[in-house]
Amino acid sequence: MSAAAAAKVALLYPGDRAARDRADPAASRFAALFEALAASGVSAEPCVWHDDFADEVKAQLLGVQAVLVWCNPIEDGRRRDRLDALLQDVSESGVLVSAHPEAILRLGTKDVLVETRDLPFGSDVHRIDSLGQLASELPQRLRHGARVLKQHRGQSGIGVWRVEQGSDGQLTVQHAQRGSVPQRIDLAALQATLAPYFEPAAGGHLIDQAWQPRLAEGMVRAYLVEDRVAGFGVQAVNTLHPDAPLPGPRLYHGPELPDSQALRQHLESNWVTLLCERVGLARERLPLLWDCDFMLGEPASDGTECFVLCEINVSSVSPFPPSAIAPLVEALRRRVGLPPRSLS
């Protein structure tokens with residue numbers, strides 16, 4: 001493939017017909033990335049996605065060498081099944097797709113917490129496949145502390161529930177979706193609330209993870225370009241913070257953030273390798289841009305900080321720190337066969 005033929009990419013994100021018709025790189029939330037791609041000699045074009053004009057989007061993607069995708073698993077009540085099938089098709093036609101649907105299924109669902117529970121960043125996690133299993137197993141685990149139940153695939157706290165049992169046997173349940181408030185309900189009411197997540201269209205199961213008491217100290221998000229850390233996002237207050245129902249801002253930093261160098265070293269030296277091996281994803285199929293959310297676990301006996309994986313995001317990693325743009329552009333150029341840019 002010649003360099004000239006490999007210098008055209010699309011940035012795909014959801015919108016309606018009006019958004020597609022008026023799409024302007026300079027006015028998009030990816031303006032800085034569009035600008036950086038242009039400066040590197042890559043022609044980038046917006047590609048607004050909606051189920052209603054899927055054929056039009058597919059035709060556009062077959063005319064580029066790569067597509068970077070930002071589309072949540074659940075968007076305005078719609079799932080991205082049709083988009084994933086389309087991306088699979090264009091990938092098989094030779095278009096580089098990031099994140100590829102295969103990578104999303106291996107990394108970007110809550111199942112990864114079960115797959116990796118015995119790795120250094122894992123925790124006490126179980127898979128629940130039915131309401132009957134929920135009723136038989138959850139009460140036993142609640143005797144040892146609060147649990148967080150997570151639907152198979154979602155974003156923005158949708159389908160994530162903190163459950164704690166009181167001394168009277170009643171449950172205090174908090175949905176992580178913005179604006180939710182705690183509820184006091186019994187197990188039967190919890191089953192009724194969670195029943196939709198066991199439908200096949202919603203993944204058919206839940207993931208049950210032990211509550212991490214140090215969540216009040218905040219969370220850190222590591223942004224990666226392929227297998228290298230490209231920045232961090234630090235959030236002191238999230239939606240399940242015990243003292244605040246509304247999340248605080250996420251503050252963005254470059255990869256040299258002093259307090260996060262131990263986490264960076266873990267990820268780059270062996271955690272990404274362990275993760276890929278465990279989920280069966282070839283290293284070269286890693287997304288060009290993805291992120292991992294970590295909570296603080298109980299420190300080791302020698303005082304070493306312990307990080308607990310909360311989730312991995314690959315479907316729609318935005319916003320992201322400015323420090324990720326340059327490595328993202330270089331990784332994209334390399335993956336489509338363009339030579340490295342001269343730094344002179």
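The values are calculated or read from the model by the stated rules, or taken from the named source; none is laboratory data. What you see is a predicted model; the values in this text were computed from it and never measured. Backbone-built Cβ (ideal geometry, glycine too); neighbour counts: all protein chains shown. Areas reflect the complete protein model, heavy atoms only, side chains present, ligands, DNA and RNA absent. Shrake-Rupley method; radii C 1.70, N 1.55, O 1.52, S 1.80 Å.
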- Sum of -39500 (n - 2.57) over DSSP H runs of 4+, divided by residues of the chain (222 nm, nearest 500): -7000 deg cm²/dmol
- Message: Restricting to Cα pairs below 8 Å that are 6+ residues apart, what does the relative contact order work out to for the chain? Please round to a whole percent.
- Response: 18
- Beta bridges per DSSP with both ends in region 1-145, % antiparallel, nearest 5: 10
- What's the carbon and sulfur percent of region 106-191's accessible surface, probe 1.4 angstrom, rounded to a whole number? 46
- Item | Highest average packing first - 210-217, 60-67, Cβ atoms within 10 Å | 60-67, 210-217
- Task: Note down the net charge around residue 288, summing +1 for each Lys or Arg and -1 for each Asp or Glu among other residues with Cβ under 15 Å from its Cβ.
- Result: 0
- Message: Given a 10 angstrom Cα cut-off, can you work out which residue in 284, 45, 164 is the most mobile in a GNM of the chain?
- Response: 284
- Label zone at residue 21, where the point sits 7 Å out along the Cα-to-Cβ direction: region 27-55 residues whose backbone N lies under 20 Å: 27-28, 46-55
- Message: For region 32-97, what does the relative contact order come out to in percent, with C-alpha contacts under 8 Å and a separation of six or more?
- Response: 31
- Within straight cross-link reach of residue 8, meaning Cα distance under 20 Å, which lysines are found once same-chain residues fewer than 8 apart are removed? 58
- Query: From the backbone phi of region 93-110, what are the Karplus-calculated ³J(HN,Hα) couplings (6.51 cos²θ - 1.76 cosθ + 1.60, θ = phi - 60°) in whole Hz, Gly and Pro given as x?
  - Reply: 8, x, 7, 6, 10, 9, 7, 5, x, 5, 5, 5, 5, 7, 10, x, 10, 5
- Stretched fully, the stretch from residue 298 through residue 118 gains (0.36 nm per residue minus C-alpha distance, one decimal, in nm) 63.3 nm
- From a point 7 Å beyond the Cα of residue 144 in the direction of its Cβ, which residues of region 157-180 have a backbone N at a distance under 17 Å? 163-165
- Note on the structure: Rounded to the nearest 5, the percent of DSSP beta bridges in the chain running antiparallel is 75
- Query: Just how large is the dipole of the chain about the Cα centre, in debye to the nearest 20, putting +1 at every Lys and Arg Cβ and -1 at every Asp and Glu Cβ?
  - Reply: 320
